[in-house]
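As structure tokens, the structure follows; a few thoughts come after it.
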């Protein structure tokens, strides 16, 4: 029970740190955070699209961020490093934010999700799922859910930990929409199977909604 409680506490701390960094580093294109605790230091690696905004001139921004982390989360010796996101189309949080912003601009939800999952899979993902749930139509329409899913995404067992996931909310003028994005990264190894090339259905391969996201 002690081990389980410690595990849950660590997850909650990581969740709270992630939410804090998402607010603090939104202009830097925050995507995710990795936390590794050792007896001496706590390594906090942030993944962003614009590392310069996190570091600041002469390191002043990252120094201030480090001090805030000490105070807000009672971390004795945090060491923050900044890593630039290699491919935004394989980062669930960035993909979900793109979907959220597009829905707020009035883009058709189904075409949007088909187009985005095509881009994810075209960049080598072994599996992907996007779910948009809420007010997806004009004012007065009932809430509904649209889900697109391609490739291999296990639903249970320890292998679920191999899936990257993010949830965000979108607020078009006709009501809130929850967006969930799950991605199996290229090169992920599963103990029970080997994933081959994923063929795109024609309806998704031909999906279009204007300019594709960057």
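The values are calculated or read from the model by the stated rules, or taken from the named source; none is laboratory data. Keep in mind it's a predicted model, so treat the numbers as computed, not measured. Here the Cβ is made from the backbone with ideal geometry for all residues, glycine too, and neighbour counts use every protein chain on show.
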*So which of 100, 96 is surrounded by fewer than 21 Cβ atoms within 10 Å (Cβ to Cβ), at pLDDT 95 or above, assigned by TED's automatic domain parsing to the domain that holds residue 143 and part of a helix (DSSP H, G or I)?*
100
*Single residue of 19, 14, 27 found to be closer than 29 Å to residue 178 by Cβ, outside the structural domain of residue 170 (by TED's automatic domain parsing) and in contact with a helix residue (DSSP H, G or I) (Cβ under 8 Å, 6 or more places away or on another chain)*: 27
*Kindly indicate whether residue 53 is modelled with pLDDT under 95, part of a helix (DSSP H, G or I) and closer than 18 Å to residue 30 by Cα.*
yes
_Just checking, does the range 45-60 include any residue being in contact with a strand residue (DSSP E or B) (Cβ under 6 Å, 6 or more places away or on another chain), touching a residue at least 12 places away in the same chain (Cβ under 8 Å) and either under 22 Å from residue 198 (Cα atoms) or exposed (fewer than 15 other Cβ atoms within 10 Å of the Cβ) (or both)?_
yes
*Residues of the range 69-80 that turn out to be exposed (fewer than 13 other Cβ atoms within 10 Å of the Cβ) and either outside the structural domain of residue 47 (by TED's automatic domain parsing) or assigned to a helix (DSSP H, G or I) (or both), as a count*: 2
*Given (1) buried (at least 20 other Cβ atoms within 10 Å of the Cβ); (2) closer than 16 Å to residue 150 by Cβ, where does residue 91 come up short, assuming only one miss?*
(2)
*Going through the range 146-163 one residue at a time, which ones are over 18 Å from residue 118 (Cβ atoms) and in contact with a helix residue (DSSP H, G or I) (Cβ under 7 Å, 6 or more places away or on another chain)?*
154
